[in-house]
Amino acid sequence: MSAVPPGVLFRRPGGLRFSLLMARNSSKHQLILLALAVALVAGLFLLPKVIVKPKAGKGELAQDAARTANRDNGAAAPSTTSVDMMGKPEGATAEQPHMTVAPAKRQEINTLLAKYNVEAELGAKLRLATELADKYKGIERFDSAGYYLEQVALTRPGEQAWKRAADQYFEAYSFATTEERQKMLGAKCQELYGRVLKNNPDNLDAKINLGMALMASANPVQGITLLREVLAVDPRNEKVLYNLGLLAIQSNQFDKAVERFQELTKVNPENVNGQFYLGVALAQTGAKAGARQAFQKAKSLSTDPGLAASVDEQLQKLQ
């Protein structure tokens with residue numbers, strides 16, 4: 001199976017990632033699209049949800065799924081302090097194979113942890129916390145990064161400080177591979193994005209992320225409500241149009257998905273993901289000609305071979 005594009009709300013083997021990462025820096029997140037065959041849609045929905053962070057190709061997604069599963073369970077090497085999935089320091093635990101960290105990276109983090117744990121001067125401790133967060137982010141231990149950024153925000157609170165911490169917990173939440181883990185990290189996202197919005201109720205990015213995090217809560221309708229609130233304020237917001245389109249596909253509301261992706265591609269005709277999933281939604285409604293056009297448009301916008309293969313596969317299924 002080919003990879004899922006940024007922010008896809010579909011389930012894949014090994015975990016689930018809610019989609020809201022459309023606005024990511026394209027130099028960091030290469031666009032890789034899912035060959036979403038009609039016959040596989042129902043099966044995908046039965047798997048755990050993940051917000052997929054695509055890599056460079058179809059084969060790499062499966063490798064990444066195995067390598068990063070539950071990766072935030074312990075952030076450091078077995079010989080030192082690690083951080084649990086809610087960002088709290090805990091005793092060292094045996095590191096699992098998919099959590100392997102290069103020795104040099106381990107040593108850097110171990111050294112910083114040792115300094116952080118003994119540093120008494122507040123300013124220096126906060127600088128170390130920020131540096132630790134960067135190191136953990138670099139090895140994709142996102143909840144550990146969130147924990148240290150939260151320490152900074154607790155000391156020097158503010159909209160951006162809370163959002164930096166929330167965004168890292170959201171990354172961890174996006175890779176949750178179990179319902180329990182998803183709910184726990186989702187609750188942390190809700191707490192921290194709530195603080196962001198308390199500082200600035202008009203922070204639309206925080207509101208979108210909070211809305212997606214609420215999908216794992218006991219009240220997912222509240223999440224949809226938040227997304228629609230953003231759309232009411234900013235009808236051309238690509239990120240919210242994209243996520244609402246994917247939510248519509250997930251709930252088998254393909255006509256609604258077509259509307260969302262058509263609006264998205266009007267706002268930005270060069271949105272590769274929007275064009276691809278417009279094709280997916282149109283194919284589901286039986287509009288084969290429109291689906292072919294959307295898939296071909298998506299293919300023309302990218303040089304990624306994974307995308308090309310996915311489009312060709314979908315076009316073949318439309319014959």
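The values are calculated or read from the model by the stated rules, or taken from the named source; none is laboratory data. The structure displayed is predicted, hence computed values, not measured ones. Note: ideal-geometry Cβ built from the backbone for every residue, glycine included; neighbour counts use all protein chains shown. Side chains are part of the model used for accessible areas, which takes the heavy atoms of the whole protein and leaves out ligands, DNA and RNA. Shrake-Rupley method; radii C 1.70, N 1.55, O 1.52, S 1.80 Å.
Is it fair to say Lys239 is touching a residue at least 60 places away in the same chain (Cβ under 8 Å) and closer than 19 Å to Lys163 by Cβ? Quick ask: steps written out before the conclusion?
Values: touching a residue at least 60 places away in the same chain (Cβ under 8 Å): yes; closer than 19 Å to Lys163 by Cβ: yes.
So Lys239 fits the description; yes.
In this structure, is Ala145 buried (at least 20 other Cβ atoms within 10 Å of the Cβ), free of Cβ contacts under 8 Å to residues at least 60 places away in the same chain and either closer than 28 Å to Lys105 by Cβ or touching a strand residue (DSSP E or B) at 6+ places or on another chain (Cβ under 8 Å) (or both)?
For Ala145, the condition - buried (at least 20 other Cβ atoms within 10 Å of the Cβ), free of Cβ contacts under 8 Å to residues at least 60 places away in the same chain and either closer than 28 Å to Lys105 by Cβ or touching a strand residue (DSSP E or B) at 6+ places or on another chain (Cβ under 8 Å) (or both) - is met.
Within the range 302-317, can you find the residues that are in contact (Cβ under 8 Å) with a residue 40 or more places away in the chain and of a type outside the set (Gly, Ala, Ser)? It would help to see each step written out before you state the result.
Step one: of the range 302-317, the residues in contact (Cβ under 8 Å) with a residue 40 or more places away in the chain are 302, 304-307, 309-311, 313-314, 317.
Residues satisfying the conditions are Asp304, Pro305, Leu307, Val311, Glu313, Gln314, Lys317.
I'd like to know if the range 306-315 contains one or more residues that are within 30 Å of Arg181 (Cβ to Cβ), touching a helix residue (DSSP H, G or I) at 6+ places or on another chain (Cβ under 6 Å) and surrounded by 17 or more Cβ atoms within 10 Å (Cβ to Cβ).
Yes: the range 306-315 contains one or more residues that are within 30 Å of Arg181 (Cβ to Cβ), touching a helix residue (DSSP H, G or I) at 6+ places or on another chain (Cβ under 6 Å) and surrounded by 17 or more Cβ atoms within 10 Å (Cβ to Cβ).
So Glu121 passes all but one of these: (1) surrounded by 15 or more Cβ atoms within 10 Å (Cβ to Cβ); (2) more than 28 Å from Lys198 (Cα to Cα); (3) modelled with pLDDT of 95 or more. Which condition number does it fail?
Result: Glu121 fails condition (1) only.
Out of the residues in the range 184-240 that are surrounded by 14 or more Cβ atoms within 10 Å (Cβ to Cβ) and of a type in the set (S, T, N, Q), which is farthest from Gln275 (Cα to Cα)?
If we take residues in the range 184-240 being surrounded by 14 or more Cβ atoms within 10 Å (Cβ to Cβ) and of a type in the set (S, T, N, Q), then Asn199 is farthest from Gln275 (Cα to Cα).
Report yes if some residue within the range 172-180 is over 23 Å from Arg127 (Cα atoms), free of Cβ contacts under 8 Å to residues at least 24 places away in the same chain and surrounded by fewer than 20 Cβ atoms within 10 Å (Cβ to Cβ); otherwise report no.
Checked against the condition, which is being over 23 Å from Arg127 (Cα atoms), free of Cβ contacts under 8 Å to residues at least 24 places away in the same chain and surrounded by fewer than 20 Cβ atoms within 10 Å (Cβ to Cβ), the range 172-180 yields at least one hit.
Right, Gln160: in contact with a Leu (Cβ under 9 Å, 6 or more places away or on another chain) and either within 30 Å of Arg228 (Cα to Cα) or hydrophobic (A, V, I, L, M, F, W, C) (or both) or not?
So Gln160 does not fit the description; no.
I'd like the residue in the range 238-255 that is part of a helix (DSSP H, G or I) and small (Gly, Ala, Ser) and, out of all such residues, is farthest from the chain's Cα centre (by Cα). First the steps, then the outcome.
Taking the range 238-255 first, the residues part of a helix (DSSP H, G or I) are 238-250, 254-255.
Add one more test, that the residue is small (Gly, Ala, Ser), and what stays is 245, 248.
Details: Gly245: 16, Ala248: 18 Å.
Restricting to residues being part of a helix (DSSP H, G or I) and small (Gly, Ala, Ser), the top hit is Ala248.
So Asn243 fits all but one of (1) over 21 Å from Leu318 (Cβ atoms); (2) open to solvent by 10 Å² or more (accessible area, probe 1.4 Å); what number is the exception?
(2)
Among the candidates Ala216, Ala248, which residue alone is out of contact with any strand residue (DSSP E or B) (no Cβ under 7 Å at 6 or more places or on another chain), of a type in the set (Gly, Ala, Ser), within 30 Å of Glu180 (Cβ to Cβ) and in contact (Cβ under 8 Å) with a residue 40 or more places away in the chain?
None of the others qualify; the one that does is Ala216.
Against the condition among the aliphatic types (A, V, I, L, M) and either part of a helix (DSSP H, G or I) or farther than 30 Å from Glu191 by Cα (or both), how does Ala283 come out, does it pass?
Details: among the aliphatic types (A, V, I, L, M): yes; either part of a helix (DSSP H, G or I) or farther than 30 Å from Glu191 by Cα (or both): yes.
So Ala283 passes the test.
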